[in-house]
Amino acid sequence: MKRPDQVKTAPDQGLGDRVPPGQFVTEKFPVLTYGSEPKINIATWQIRVFGLVQQEITLNWEQFSTLPWRTVNADFHCVTQWSALDNTWEGVDFADLVEATGPLPETNFMMAHSYGGYSTNLPFDIVMQEGLLAHKQDGEPIGKSHGWPLRLIVPSLYGWKSAKWVNGIELLAEDSPGFWEQRGYNNNGDPWKEERFWPELTR
């Protein structure tokens with residue numbers, strides 16, 4: 001894969017404490033998507049929170065927009081080895097959305113579901129601590145190719161865990177692999193440990 005332009009390596013920029021091993025820095029934010037881009041109508045858009053909850057909820061865009069919003073500045077690390085630093089994301093805390101459902105005590109994991117059939121699994125505690133359901137990036141609505149109208153942002157993990165076009169949050173007791181995790185990507189996706197693929201594929 002060709003590297004995005006305007007690239008410098010982390011050692012040249014003195015960013016070793018911010019750029020994980022094996023990554024290079026780009027000033028771009030490349031579009032990487034498997035399959036066709038879903039066509040989403042904001043008038044009929046919904047997000048559903050279900051699974052191990054006391055009360056399942058489904059919100060339309062108007063209802064979702066009334067939740068408290070916050071701004072997060074975070075770096076973004078893609079498994080294809082590029083890192084985009086200092087991204088400003090605006091949206092709703094994952095915890096604020098999910099806590100309204102009353103997660104059951106046995107919840108240990110979650111699955112993010114997206115328009116187009118994509119899914120990715122994450123530890124529940126990590127997403128509760130840092131997850132953001134972002135609608136804006138750097139002051140503008142996220143581009144359609146980047147997940148408009150809503151993208152899950154989890155800065156400490158590789159970018160495939162930050163699912164685009166999110167429309168479902170499923171709370172789980174047991175872990176279950178998502179789309180890319182079923183196809184050879186590491187189940188955890190920690191960029192600082194270079195957890196890119198199944199261990200069996202890297203030996």
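For first residues located in segment 73-96 and over 24 Å from ASN186 (Cβ atoms), partners that are open to solvent by less than 10 Å² (accessible area, probe 1.4 Å) and part of a loop (DSSP other than H, G, I, E, B) and lie 6+ apart or on another chain with Cβ distances below 8 Å form the pairs GLY91/LEU150; ASP93/GLY131; ALA95/GLY131. One residue stands out among those in segment 151-171 that are closer than 16 Å to LYS136 by Cα and of a type in the set (Val, Ile, Thr): the one that is farthest from the chain's Cα centre (by Cα), which is VAL166. Among the residues that make up segment 126-139, is at least one of them among the β-branched types (Val, Ile, Thr), over 10 Å from the mean Cα position of the chain (by Cα) and either open to solvent by 60 Å² or more (accessible area, probe 1.4 Å) or more than 29 Å from ASN41 (Cα to Cα) (or both)? Yes: one or more hits.
Conditions tested, residue by residue: (1) of a type in the set (S, T, N, Q); (2) in contact with a strand residue (DSSP E or B) (Cβ under 9 Å, 6 or more places away or on another chain); (3) buried (at least 18 other Cβ atoms within 10 Å of the Cβ).
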residue	(1), (2), (3)
TYR34	no, no, no
ASN41	yes, no, no
ILE47	no, yes, yes
PHE76	no, yes, yes
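If I go through segment 145-184 residue by residue, how many of them are open to solvent by 40 Å² or more (accessible area, probe 1.4 Å) and of a type in the set (Phe, Trp, Tyr)? Of the residues in that region, 2 qualify. When segment 79-109 is filtered for residues that are surrounded by 21 or more Cβ atoms within 10 Å (Cβ to Cβ), farther than 22 Å from TRP61 by Cα and of a type in the set (A, V, I, L, M), only VAL79 remains. How many of the residues in segment 66-102 are modelled with pLDDT of 95 or more, small (Gly, Ala, Ser) and more than 29 Å from ARG196 (Cβ to Cβ)? Residues that pass the stated criteria total 1. Is there a residue being among the small types (Gly, Ala, Ser) and within 16 Å of ASN108 (Cα to Cα) anywhere in segment 159-169? No, every residue in segment 159-169 fails to be among the small types (Gly, Ala, Ser) and within 16 Å of ASN108 (Cα to Cα).
The values are calculated or read from the model by the stated rules, or taken from the named source; none is laboratory data. The model shown is predicted, which means the values in this text are computed figures rather than measured ones. Because the Cβ atoms are built from the backbone with ideal geometry, glycine has one as well, and the counts that use them run over all protein chains shown. Accessible surface is based on the protein model in full, side chains and every heavy atom, while ligands, DNA and RNA are left aside. Shrake-Rupley method; radii C 1.70, N 1.55, O 1.52, S 1.80 Å.
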